[in-house]
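The values are calculated or read from the model by the stated rules, or taken from the named source; none is laboratory data. For clarity, every value in this text was computed on a predicted model and none was experimentally measured. All Cβ positions, even for glycine, are placed from backbone atoms using ideal geometry, and neighbour counts span all protein chains on display.
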């Protein structure tokens, strides 16, 4: 009888209850999870966050973009030579300057500038009309505040951490979506098996009622027992209607999760039971610490906070910079001759020195150091709390898995025992040793045992869902590739 019921359940799962003419879509549990992740609108909106964060990384890298600047300027003046003089000195200067500057990873700034000056006065003497080009290479290297690649690229590192954090948020939402779709699919499969079980119970109640009618007509059974069997048929019919309504609700809920049109009927397939190999607590906990998005995000927060604390300590140092420049100058009445004079390097210029500054008290920088130290301590505490919560969830999921595994065997034995009892009572009824109510009572026990077996198998599947979600590996288990991984995290610049 149990084999026959299993075959019936399989046929019903493959051919779900649907309206005539409705479009049929056959989905496995993996298909359902994949479609849910792909079509979830909230998840699609979250997919933009890593892309937006990636633009922040590109923007942060713009600190290394060379800066090109140019100046074209003409100046003139008319100046009276003396208060009582009628002679006016006219000066006309024309500038054309260009420079390019570049930030270096050490925090240094270097610049190359080319300045041109054309000057002329109204005397028009060779000495008063000249061109003066100048080529200068300068640099400024911080020695305390702002020294080093970490400080220079703090914006890049922070943007990179924001990228990782957005990926963790996306993964968490994808995990929630996948788990919800998987559990809804399992519930639909289970409720359809319940419909099949209650249909079998109704068929059996009708069979008993038909036998009673024959025995009453033959005078072998009291007519009042027809009321018992008729009541049994009505109760079984009521139970079947309840199950069919629950099946429609479950199918509609899954359709909504998968964003399928209301007219599409979902044909489910019985999911294979996962491997029953034992999962050790230590392996599951280790996987959770590495894969869970909330733990990963908390670890990113710690990394960012500790990095900001380290940078703030550097920014609290006095500003001391080594500055220098070297250049050559040309001078002649003709621009071409001035350029030749420039290339001869006969008139070099240079400078070197130290520039020091510090705010008296330096209270703002010290406050930033204290704030970042507290933020780092807060982040470490939040990470410890996240790891503790993850450990509790993993251990709870493992206990649930072990219990669900045991319940499958117990409920299966319960079905076997109930079938034996039903067969025994039916024989006793034929011999007049049991009433119709006795038989219906044990049939109800059999129906409940079968439903318990269905629930146990669904719970076993859901226990794996809870465990894989707790360890953060559900997406991999379902074969879902995270498109966000295409936007890879950049390697930290000298940070762990």
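Could you check, for segment 254-268, whether at least one of its residues is out of contact with any strand residue (DSSP E or B) (no Cβ under 9 Å at 6 or more places or on another chain), in a helix (DSSP H, G or I), closer than 28 Å to residue 185 by Cβ and touching a residue at least 40 places away in the same chain (Cβ under 8 Å)? Yes: one or more hits. With respect to (1) in a strand (DSSP E or B); (2) within 54 Å of the chain's Cα centre (by Cα), the lone exception for residue 308 is condition (1). Tell me, yes or no, whether segment 128-147 has at least one residue that is crowded, with 21+ Cβ neighbours inside 10 Å and either farther than 30 Å from residue 325 by Cα or free of Cβ contacts under 8 Å to residues at least 40 places away in the same chain (or both). No, that holds for no residue.
Could you tell me which of the residues 391, 400, 414, 409 is free of Cβ contacts under 8 Å to residues at least 40 places away in the same chain and in contact with a helix residue (DSSP H, G or I) (Cβ under 7 Å, 6 or more places away or on another chain)? It is 414. Please go through (1) at negative phi; (2) in contact with a helix residue (DSSP H, G or I) (Cβ under 9 Å, 6 or more places away or on another chain) for residue 263 and return the number of the only condition it doesn't satisfy. Only one criterion in (1) at negative phi; (2) in contact with a helix residue (DSSP H, G or I) (Cβ under 9 Å, 6 or more places away or on another chain) is unmet by residue 263, namely (2). Residues that are touching a helix residue (DSSP H, G or I) at 6+ places or on another chain (Cβ under 8 Å) and assigned to a loop (DSSP other than H, G, I, E, B) were ranked within segment 321-366; the one that is modelled with the lowest pLDDT is 333. With respect to residue 281, is the statement that it is surrounded by fewer than 16 Cβ atoms within 10 Å (Cβ to Cβ), in contact (Cβ under 8 Å) with a residue 12 or more places away in the chain and under 30 Å from residue 166 (Cα atoms) true? So residue 281 fits the description; yes. Of all the residues in segment 26-79, those that are within 30 Å of residue 250 (Cβ to Cβ), in contact (Cβ under 8 Å) with a residue 40 or more places away in the chain and out of contact with any strand residue (DSSP E or B) (no Cβ under 9 Å at 6 or more places or on another chain) number 12.
Can residue 329 be described as closer than 30 Å to residue 457 by Cβ, touching a residue at least 24 places away in the same chain (Cβ under 8 Å), in contact with a strand residue (DSSP E or B) (Cβ under 9 Å, 6 or more places away or on another chain) and surrounded by 17 or more Cβ atoms within 10 Å (Cβ to Cβ)? Considered against the rule, which asks whether it is closer than 30 Å to residue 457 by Cβ, touching a residue at least 24 places away in the same chain (Cβ under 8 Å), in contact with a strand residue (DSSP E or B) (Cβ under 9 Å, 6 or more places away or on another chain) and surrounded by 17 or more Cβ atoms within 10 Å (Cβ to Cβ), residue 329 comes out as no. Among the conditions (1) part of a helix (DSSP H, G or I); (2) in contact with a strand residue (DSSP E or B) (Cβ under 8 Å, 6 or more places away or on another chain), the only one that residue 242 does not satisfy is (2).
Please count how many residues of segment 360-394 are over 30 Å from residue 295 (Cβ atoms) and surrounded by 12 or more Cβ atoms within 10 Å (Cβ to Cβ). Selection size over segment 360-394: 4.
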